[in-house]
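For reference, the structure discussed in these notes is given below.
The values are calculated or read from the model by the stated rules, or taken from the named source; none is laboratory data. Since the structure is predicted, the reported quantities are computational estimates derived from the model, not experimental observations. Counting neighbours? That spans all protein chains shown, and the Cβs are built from the backbone with ideal geometry, glycine included.
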Amino acid sequence: MYEKRKHHFVPVTYLKGFTAVEGSLHVYRKADPTKPFVCKPENIGFTNYYYGFDKVDGTFDTNSLEDAFQLVEDNWPATLAAARNRSELLGNDLARLLEYIALQRARVPATRDSYERFEAAGILATARQLHAQGKLPPMPDGREDILDDLEITVSPQSSLRGIAVVLEACEKVFNSLNFGILRNETEVPLLTSDNPVIWFDPSMEEDLVQPYRVAQNGPIDLFFPMAPDLLLYGWNPRHAEEFLFDGVRHGALTDPDRIAFVNRMIVRFGYHTVFSTSASDAPQIAPYATMSPTLSTAEVPVIGGRLVVGTMTFGPMPQKTKWKPEDTS
């Protein structure tokens with residue numbers, strides 16, 4: 001069987017919609033947006049064996065998840081064409097679109113890294129609890145606080161389980177929203193990123209918005225850039241007036257300031273990388289160079305243990321400790 005090595009977490013078919021005339025993307029690393037480079041969609045947005053996993057028979061499966069994701073991705077060109085033709089996206093067509101978007105939220109490094117940090121925080125909380133109960137050997141002399149400095153690494157395969165958890169969360173959010181496809185009729189193209197599914201509380205001041213943090217039964221805005229000239233917009237009914245609609249399913253964005261706001265949110269929610277059709281977007285990306293969606297964790301004492309609470313926030317990206325398979329031996 002052919003072994004698939006390059007596992008794209010941003011689909012090639014999606015990125016092709018953001019290429020310039022020569023068929024390449026302008027790629028901005030958030031860590032240094034002043035040095036964009038040009039790249040073909042096939043050569044970016046992937047990690048080798050990112051969706052590979054160990055099977056119970058001891059073999060390493062590199063294809064099953066990638067093949068399953070590919071089935072969802074294959075519908076994208078037809079979905080995009082329907083959006084451009086202002087076709088009604090109802091029933092199965094809408095379901096396929098939302099399935100595609102949910103997968104884009106669940107499978108990306110921004111999500112998987114957060115899941116792994118949560119797992120690591122849980123392991124550390126358990127260690128602290130066992131220490132407090134006297135169930136661990138004494139700490140080394142002079143290093144009684146060693147647990148405070150301990151770095152926990154977990155297998156990247158653990159976050160594959162988190163994909164299903166996030167898909168369920170997406171379903172709950174999507175079921176609370178209406179959706180419209182908005183044509184960008186300004187001269188400013190939409191950007192996209194390696195974390196292109198965005199939702200937030202629109203009642204918050206822009207500087208106070210936190211990623212994916214919304215109140216129960218509260219207002220939600222969802223953005224998903226489909227192409228430089230198309231935006232999928234999800235909203236609660238009470239916020240529908242924020243955009244101009246010429247029908248239930250399609251509308252237009254004509255205000256450059258609104259597009260600028262959407263692009264700022266796209267950049268803020270980007271994890272490592274922002275993609276553009278232009279080589280001159282560094283000024284709008286640079287202010288958010290140290291701002292990515294990350295998971296903050298805290299331990300809360302409860303009866304019989306310690307509860308780990310995770311909260312999504314914008315901030316500097318934590319350094320990820322590399323997992324070494326030999327750690328399991």
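If you check Thr111, Thr79 for being within 22 Å of the chain's Cα centre (by Cα) and over 29 Å from Asp54 (Cβ atoms), only one passes: Thr79. A Cβ distance below 7 Å, combined with a sequence gap of six or more or placement on separate chains, defines the contacts here; from segment 89-102, residues that are touching a residue at least 12 places away in the same chain (Cβ under 8 Å) reach residues that are surrounded by 15 or more Cβ atoms within 10 Å (Cβ to Cβ) and assigned to a loop (DSSP other than H, G, I, E, B) in the pairs Leu89/Arg249; Arg96/Asn75; Leu97/Leu89; Tyr100/Asn75; Ile101/Val197.
Within segment 274-302, restricting attention to residues that are touching an Asp or Glu at 6+ places or on another chain (Cβ under 9 Å) and surrounded by fewer than 21 Cβ atoms within 10 Å (Cβ to Cβ), the residue that is farthest from Phe18 (Cα to Cα) is Leu295.
If you go through segment 167-199 and keep only what is among the small types (Gly, Ala, Ser) and either surrounded by fewer than 21 Cβ atoms within 10 Å (Cβ to Cβ) or more than 15 Å from the chain's Cα centre (by Cα) (or both), you end up with Ala169, Ser176, Gly180.
Is it the case that segment 138-158 has a residue that's touching a Lys or Arg at 6+ places or on another chain (Cβ under 7 Å), assigned to a helix (DSSP H, G or I) and crowded, with 18+ Cβ neighbours inside 10 Å? The answer is no, given that none of the residues of segment 138-158 is touching a Lys or Arg at 6+ places or on another chain (Cβ under 7 Å), assigned to a helix (DSSP H, G or I) and crowded, with 18+ Cβ neighbours inside 10 Å.
Identify the residue in segment 284-323 that is in contact with a Phe, Trp or Tyr (Cβ under 9 Å, 6 or more places away or on another chain) and assigned to a loop (DSSP other than H, G, I, E, B) and, among all such residues, is modelled with the highest pLDDT. Only one residue fits best here, namely Met291. Contact annotation: residue pairs with Cβ atoms under 6 Å, 6 or more positions apart or on different chains, pairing a residue in segment 9-32 that is more than 18 Å from Val267 (Cα to Cα) with a partner that is hydroxyl-bearing (Ser, Thr, Tyr), are Ala20/Thr277.
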